[in-house]
Amino acid sequence: MKVILPLAIVFICGFYMLITFFIPAKFAQDSSQLLQLWYQGVAAFFVFIGIFNLIKINVDRIQRRLKDWEYSIILLSFLGVMLVAGFVGGRDSRVFLYLFENFQVPLGATMFSLLAFFVASASFRAFRAKTPEATLLLIAAVIVMLGRIPIGYLIWDKFPDLIEWIMRIPNTAAKRGILFGIDLGLLSMALRVLLGIERSYMGGGVEK
Amino acid sequence: MNIFERLSQLDRRIIFLLVAIAVIVPMIVPLNLPVDITKPVKNVYDKIESLPEGSVVLVSTDYDPGSEAELYPATEAFIEHCFRRNLKIYMMGLWPAGSELGNIALNKIAKYYNKKYGEDFINVGYRPGGAVMLLSLGRNFSDVIKVDYQGIPVDSLPLGRRVKSARDLSMVMTFSAGDPGIIHWIIYFHARYGVPVCGATTAIMAPQQYPYLSSGQLVGLLGGLKGAAEYETLVERRGRGLRGMDSQSIVHLLLVGFIGLGNVILLYQRRKK
Amino acid sequence: MMNTIGIWIGALLTLAIYSFLYKDNPFYKLAENIFVGVSAGYWAVVLWFDYAWPNLFEPLFKKGQWFNIFPIFIGILMFAPLIPRISWMVRIPLTFTMGVAMAVSITQIVQGDIFPQLQATFLPLTGVSFFDAFSNLLIICGVIFTLIYFYFSKEHKGVLGISARIGIWFMMVSFGASFGYTIMARVSLFIGRIYFLLHNWLGVI
């Protein structure tokens, strides 16, 4: 029951969806649409369970006075403030949007911009032409870096055309080859999941 | 210890400082470098120019604050172009924060062009469910979208009533920073319903879109801040994209210098061995 | 006034994050935790108002759409691990979503990716200019050689070895271009923050 029922669900839902793809009849399309809408409903709960777990982990950290537990209080406080602002004031209330614009936006934007410094450091320390392949990679990178900026156009007005050719021809060829590989891998993985051969996503104890 | 040995042990914070200077100085003292226009960006512009007045463009803001610096300037420039051409904008977001960032741009530009909410533009907020949602959306919008971001039923808005399925859209423009995003609009929405798709992506994602550009599944592409700067040039709007291009140029030169220096040190170390 | 305070908050939080470049410190950790808290709260609120209430709960409670009970029930089973006796039931929402998503991906990968991309690879070698024919030939060869590199069922020797090696060259050019674009992206993000500090906060540009 604990294994058969979930495997039956994945098999029936999956193959029913596959079959309806080839049947244009209204009943088939409507039922397929209904399953897709249910999927969206269930997917919404993935977010709720994620937030629930975040709260649980941080409450646990505070209770057990684990390292940096004080920051968990900050995290939960701001989570609480945001929830109150949203659920009491409304999704488009001034307080809720104020918190979004002045806390979430600058913090998110700055967090990812830190990578500019690390990529600069890596350019100096790690980007070395040690093999012919690495040299090719390095040359392509430098050409793109120079050709994609306004100064590149001033250095040589055909630079942008060269970059566009690199992107359209060798880059497209390699990316398309990789894409086919990924697609074939995804297809085989999808079939393995539907047939119940691949079960790791279900958690432990379902191998046999 | 000679200069190469000293350089090889350079404190990373000096590199950080040089990068910061290379960004800040050109912002304070602009060089106003001319921006060249690439074909994928021109294609987006031409597509918008080719649409008859009153056509509906679905704008999906599939990003968050982490990529706001790259995609928000493009969002503003694109919305401005649409409103200038009197096109209707149906906005949504596959990422939760994207719908809000898009809303900020939408309201700002709409105010300038005296556009009316519900008639000329609407924002239906965040839509979860990724790729699967796109399939059901294309078949029947009202199955997926009940209310807009303010909780107003979409059926009570003229533009909401007008868009019933993918057939009512003239094109899709996605501002995409990852998954779900541009790939799903192409291989789920375009492939199933045939709606032309254009995109603006972070620069990291841009090279992956070229197979779709060459197959015609993607009409045009704005890649990163440079793409935004190109679009701003086309629509004659000096926004954050163009303002950032001087700094972008100087930092790229600096990093090319770093790469060159790193390799000179490598040569020196090899010769010494 | 509130706008000015908001800009100051944004600026100080920006500087708190950048303080990490010197070394890890309490200001950075504080900002990091505020970010996680605010983002999670935002997501929950937006998901509820934009989707969960109008699409799931309101139709069930106010319009009598009883069949909405199914996705809600399946979704609630995500919390089953909290009760050890029924923890296995978490597999039901997992398998349901996997079944639907995998079936949809099978059809769409074939229809939306493999067929159109294959079609776009069959490019003309005659009837076009010499340069276009050369470029088309490069695409065709590049795709084939890249795929050969990922063919591991036979040892990469002889013709197969040479083909795989050419495939690597194509990939190196592609990875190099991606690296160039990655640098561009990261620098753009930093430019965005400096613009905020100099324009919105300090007002010097």
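List of remarks:
- Checking A:174, A:126 one by one, the residue that is surrounded by 15 or more Cβ atoms within 10 Å (Cβ to Cβ) and small (Gly, Ala, Ser) is A:174 and no other.
- In segment A:44-80, the residues that are closer than 30 Å to residue C:94 by Cα and of a type in the set (Val, Ile, Thr): A:47, A:49, A:51, A:55, A:57, A:59
- Residue check, residue C:195 crowded, with 19+ Cβ neighbours inside 10 Å and more than 9 Å from chain B (Cβ to nearest Cβ): no
- Hits in segment C:78-92 (condition: more than 15 Å from residue A:53 (Cβ to Cβ), crowded, with 19+ Cβ neighbours inside 10 Å and not aromatic (Phe, Trp, Tyr)): C:89, C:91, C:92
- The set of residues in segment B:37-58 that are away from every other protein chain (no Cβ under 14 Å) and either touching a Cys at 6+ places or on another chain (Cβ under 7 Å) or buried (at least 24 other Cβ atoms within 10 Å of the Cβ) (or both) comprises B:44, B:47, B:48, B:57, B:58.
- Taking helices (runs of 4 or more DSSP H) as the structural unit, those lying wholly within segment A:107-203 and holding at least 3 residues that are under 22 Å from residue C:164 (Cα atoms) correspond to A:132-147, A:172-194.
- Qualifying residue in segment A:192-206 (condition: crowded, with 19+ Cβ neighbours inside 10 Å, at the interface with chain C (Cβ under 7 Å from one of its Cβ atoms) and among the β-branched types (Val, Ile, Thr)): yes
- Number of the exception - residue C:189 against (1) in contact with an Asp or Glu (Cβ under 8 Å, 6 or more places away or on another chain); (2) touching a residue at least 60 places away in the same chain (Cβ under 8 Å): (2)
- Among the residues of segment B:170-191, those that are outside any helix (DSSP H, G or I) and either at the interface with chain C (Cβ under 9 Å from one of its Cβ atoms) or buried (at least 21 other Cβ atoms within 10 Å of the Cβ) (or both) comprise B:171, B:172, B:173, B:174, B:175, B:176, B:177, B:180, B:181.
- Only one entry in C:143, C:110 is touching a residue at least 12 places away in the same chain (Cβ under 8 Å) and either touching a strand residue (DSSP E or B) at 6+ places or on another chain (Cβ under 7 Å) or assigned to a helix (DSSP H, G or I) (or both), namely C:143.
- Residue B:131 meets each of the listed conditions (1) under 22 Å from residue B:48 (Cα atoms); (2) under 22 Å from the mean Cα position of the chain (by Cα); (3) among the hydrophobic types (A, V, I, L, M, F, W, C) apart from (1).
- Hits in segment C:3-53 (condition: under 12 Å from residue A:103 (Cβ atoms), more than 8 Å from chain A (Cβ to nearest Cβ) and buried (at least 19 other Cβ atoms within 10 Å of the Cβ)): C:16
- Looking across segment B:1-29 at every residue that is outside any helix (DSSP H, G or I) and either acidic (Asp, Glu) or at pLDDT 95 or above (or both), the one that is farthest from residue B:269 (Cα to Cα) is identified as B:29.
- Number of residues in segment A:82-101 that are closer than 20 Å to residue C:29 by Cα and out of contact with any helix residue (DSSP H, G or I) (no Cβ under 7 Å at 6 or more places or on another chain) equals 0.
- Criterion violated by residue B:18 - all others in (1) touching a residue at least 60 places away in the same chain (Cβ under 8 Å); (2) crowded, with 20+ Cβ neighbours inside 10 Å satisfied: (2)
- Checking each residue in segment B:86-111 for being closer than 27 Å to residue A:47 by Cα and in a loop (DSSP other than H, G, I, E, B) picks out B:94, B:95.
- Test: residue C:94 is more than 7 Å from every other protein chain (Cβ to nearest Cβ) and on the phi < 0 side of the Ramachandran plot: no
- Residue in segment B:137-147 that is basic (Lys, Arg), under 30 Å from residue C:109 (Cβ atoms), in contact (Cβ under 8 Å) with a residue 12 or more places away in the chain and touching a strand residue (DSSP E or B) at 6+ places or on another chain (Cβ under 6 Å) present: no
- Subset of segment B:227-251 that is charged (D, E, K, R) and within 7 Å of chain C (Cβ to nearest Cβ) - its residue that is surrounded by the most Cβ atoms within 10 Å (Cβ to Cβ): B:240
The values are calculated or read from the model by the stated rules, or taken from the named source; none is laboratory data. None of the values given here were measured: they were computed from a predicted structure. All Cβ positions, even for glycine, are placed from backbone atoms using ideal geometry, and neighbour counts span all protein chains on display.
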